[in-house]
Amino acid sequence: MSSLSASAFTGSLDYRDYASKHLANGVSSTPRASQLPVPLVIASARDAIVTDVDGNDYIDYTMGYGPLILGHSPAPVIERLKAEIDKGFRTASVHSGEGRLAELIAQTVPCAEMTSFVSSGTEAVQLALRIARARTGRTRIVKFRANYHGWFDNIHIANNPGNDGPSSAGQDPQASGNVTLVDWGNAVALEEVLSDEFAAVIMEATAINAGCFAPPAGFLQAVRDLTRRHGVVLIFDEVISGFRLDLGGAQAIHGVTPDIAVLGKALGAGLPISAVTGNRDVMAPLVDGRVLHRGTFNGNPLSVGAAIACVEYLQAHADIYPRMNAQAEAIQTHFNAEAQALDLALCANRIGSAIQLFSGVRRLDTIGDLDKADKKDILKLTEACVLNGLNPLPRGLMYLSAAHTDADIATTKAALSSALRLYKASK
Ligand code: PMP
């Protein structure tokens, strides 16, 4: 298999020069700017294939950074969207889809009785924290290091190993004054800090953002027990894991039910929608209107319609989960075997249909070892993937979808073999 050369990206390079004149950083979300050899400008997409403005095809593993669980062009979602558009936009009006989607979520997610919709995961986290504070009359929050909960000042901290502070310039350091940090996976550390002063513990039940780490045995149950003991609201941030790992999310897989779950990404099949869902008791301050929940675009008919079509499809085709997981496992196994055969310090972790490639380490089993991974070099590895027709996230995360065929997986394995040889030759 021959790799693409530098001349294959002139359209994307020209676009970067043009866009950067008026579009800050040339992109609309910072991580997208880090893609090498250049942020690919995607002209069109179908199923699991994206085509850039230079006419190069890639098997896509960004899948919208997670949402595109049914691929780039899922027929049931597109049909539903067309039908919604024909009824007029109806933005910010009450419409029957909202109630139906909340009912579908209650049917599938264990903690879900009452649900409310917003547009992004970042907003949904804020609403969940507000509900927890109102319900408990307390203000303090526990956040785990290396868990990501959106980019707002109060919670956008301790995202990277070695930095417990704000992740971005310009954040108000005082905004996170009520947040206590604990190492993810360490129930003893949580027990030491948790008290009746805390409103909430927020966490990713499976640490996919950090690098695809499963919770250590007994950890989630210990967190559940500790939060119950202190009357603290347990929030699972299932923005990635919800509807991606299972219809019921990580909580269904691990058999531990939080008080509140935050859903997003795969819920909307690619349209912007997120949800806060929880048991009736904890959601009471939102139900009775004491907690204000505002937003012009909340529950807009197009996003809700896409989410209904997506969840109904997933309910009827739950076999996509074992299929995606098996495909992801095949990619992970192949990558690790090839890295070993080529004597490269690389490895792939996996949770369900999400794979994380790491550079600088031959294995990375615990979240506490994250500082051993090479965050710069992974960009070179994912560049080698792009040059061989694969499109992972620049930081090495890869998402499968129901649209990836077994032929795509076979092509991916061959492309990874070429990419690893190219990467090795560049060392
Ligand atoms: N929580 C988690 C676990 C996430 O992965 C993300 C996004 N990657 C968010 C919250 C924020 O979601 P959004 O980008 O939709 O604001």
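Quick check: anything in segment 94-114 among the hydroxyl-bearing types (Ser, Thr, Tyr), over 20 Å from PRO258 (Cβ atoms) and more than 27 Å from the chain's Cα centre (by Cα)? Yes, that holds for at least one residue. Applying the criterion of being assigned to a loop (DSSP other than H, G, I, E, B) and of a type in the set (D, E, K, R) to the residues of segment 1-60, the residue that is farthest from the chain's Cα centre (by Cα) is LYS21. Of the set (1) part of a helix (DSSP H, G or I); (2) more than 19 Å from the chain's Cα centre (by Cα), all apply to ARG362 but (1). Residue pairs whose Cβ atoms lie under 9 Å apart, separated by 6 or more positions or on different chains, with the first residue in segment 414-427 and outside any helix (DSSP H, G or I) and the second aliphatic (A, V, I, L, M), are SER426/ALA384; LYS427/LEU344. Within the option set ALA75, ALA33, being within 16 Å of the ligand (Cβ to nearest atom), free of Cβ contacts under 8 Å to residues at least 40 places away in the same chain and either among the small types (Gly, Ala, Ser) or in contact with a helix residue (DSSP H, G or I) (Cβ under 6 Å, 6 or more places away or on another chain) (or both) holds for one residue only, ALA33.
When GLY121, GLY64 are screened for being within 15 Å of the ligand (Cβ to nearest atom), in contact (Cβ under 8 Å) with a residue 12 or more places away in the chain and surrounded by fewer than 24 Cβ atoms within 10 Å (Cβ to Cβ), only GLY64 passes.
Please count how many residues of segment 268-288 are in a strand (DSSP E or B) and more than 20 Å from GLN107 (Cα to Cα).
1
Considered as a group, the residues in segment 169-202 that are part of a helix (DSSP H, G or I) and of a type outside the set (Gly, Ala, Ser) include one that is surrounded by the most Cβ atoms within 10 Å (Cβ to Cβ), and that residue is LEU190. Criterion applied to VAL262, VAL287, VAL256 was being in contact (Cβ under 8 Å) with a residue 60 or more places away in the chain, surrounded by 16 or more Cβ atoms within 10 Å (Cβ to Cβ) and either more than 19 Å from LEU226 (Cα to Cα) or among the hydrophobic types (A, V, I, L, M, F, W, C) (or both), and the one residue passing it is VAL262. Across segment 174-207, the number of residues qualifying as within 14 Å of the ligand (Cβ to nearest atom) and among the small types (Gly, Ala, Ser) comes to 2.
Report, by residue number, each residue of segment 389-408 that is out of contact with any strand residue (DSSP E or B) (no Cβ under 9 Å at 6 or more places or on another chain) and either hydrophobic (A, V, I, L, M, F, W, C) or crowded, with 18+ Cβ neighbours inside 10 Å (or both). Across segment 389-408, the qualifying residues are PRO394, ALA402, ALA407.
When LYS380 is tested against (1) over 29 Å from GLY268 (Cβ atoms); (2) in a loop (DSSP other than H, G, I, E, B); (3) in contact (Cβ under 8 Å) with a residue 60 or more places away in the chain; (4) among the charged types (D, E, K, R), just one condition goes unmet, and that condition is (2).
Would you confirm, using the coordinates I've provided, whether ALA384 is outside the structural domain of ARG244 (by TED's automatic domain parsing) and either touching a helix residue (DSSP H, G or I) at 6+ places or on another chain (Cβ under 6 Å) or not polar (S, T, N, Q) (or both)? Criteria met by ALA384.
The requirement of being in contact with a His (Cβ under 7 Å, 6 or more places away or on another chain), of a type in the set (Ser, Thr, Tyr) and on the phi < 0 side of the Ramachandran plot is fulfilled nowhere in segment 227-234; no residue meets it. The helices (runs of 4 or more DSSP H) located wholly in segment 208-267 that include 3 or more residues which are under 19 Å from LEU194 (Cα atoms) and more than 14 Å from the ligand (Cβ to nearest atom) occupy 219-229.
Kindly provide the set of residues from segment 127-161 that are more than 10 Å from the ligand (Cβ to nearest atom) and of a type in the set (S, T, N, Q), ordered by number. Across segment 127-161, the qualifying residues are THR136, THR139, ASN154, ASN159, ASN160. On the stretch given as segment 271-302, residues that are at positive phi and within 12 Å of the ligand (Cβ to nearest atom) total 0.
The values are calculated or read from the model by the stated rules, or taken from the named source; none is laboratory data. Keep in mind that what you see is a predicted model, and the values were worked out from it rather than measured. We place every Cβ from the backbone using ideal geometry, glycine too, and count neighbours over all the protein chains shown.
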